1. Are there any pairs with C-beta distances below 6 angstrom linking a residue in segment 68-83 that is of a type in the set (Gly, Ala, Ser) to a residue that is surrounded by fewer than 16 Cβ atoms within 10 Å (Cβ to Cβ), with the two at least 6 apart or on different chains, and if so which?
2. Condition first: modelled with pLDDT under 85 and not β-branched (Val, Ile, Thr). Now tell me which residues in segment 5-25 satisfy that.
3. So, residue 91, is that one among the hydrophobic types (A, V, I, L, M, F, W, C) and either exposed (fewer than 12 other Cβ atoms within 10 Å of the Cβ) or more than 16 Å from the chain's Cα centre (by Cα) (or both) or not?
4. For the structure I just gave you, tell me whether residue 71 is modelled with pLDDT under 90 and basic (Lys, Arg).
5. Quick test of your reading of the structure: residue 39 fulfils all but one of (1) at pLDDT below 75; (2) of a type in the set (A, V, I, L, M); (3) closer than 26 Å to residue 19 by Cα. Name the failing condition by number.
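The values are calculated or read from the model by the stated rules, or taken from the named source; none is laboratory data. Please read these numbers as outputs of a predicted model, since none were measured by experiment. Using ideal geometry, Cβ is built from the backbone for each residue, glycine included, and neighbour counts are taken over all protein chains shown.
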Amino acid sequence: MNAIPKPVHCKAQTKAGKPCRAAATEGGLCFFHANPNKASELGRIGGRKNRHGVADPLDPLPRLDTAIAVRTTVARLIEDVYAGKLHPRIASGLAPLLSLQLRAIERSDLGQRVAKLEKLLASPDLKGNFDGGEQPIDFGNLPNAGYYATSKV
């Protein structure tokens, strides 16, 4: 009967003191025990391939004090990721911060608009003039301004 030969394992020991279980070459040692410097050399080569060096420094972010500035910055980040100038991991780290900034701007703008409306409603021109009819109020650049201008107060 032909017996299938058992795989021959490396005769060396690992750093932990256990027998190396890698397949042996003709000399009785595995490739890495026969060539001890090769492991570190191959590791360096692999590390260089995974390096995330910055080729060109990116432009600094503009001031993000308006919703339009945040929207423009998001569009620029998308373009930079698509062009390979920015790593997607960095962009995904900036995304929640930009979202937070946008919400803060929207709340601030809403607060300013409400304060403007309260000031307008408290003005002497409108005091005591509420007869249930329609009031012509200038609401500036509010969304749905037409709805607010014709609704009953």
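1. From segment 68-83, the pairs are 69/62.
2. 5, 6, 7, 9
3. In short, no.
4. Judged against the criteria, residue 71 is not a match.
5. Of (1) at pLDDT below 75; (2) of a type in the set (A, V, I, L, M); (3) closer than 26 Å to residue 19 by Cα, only one is false for residue 39: (1).
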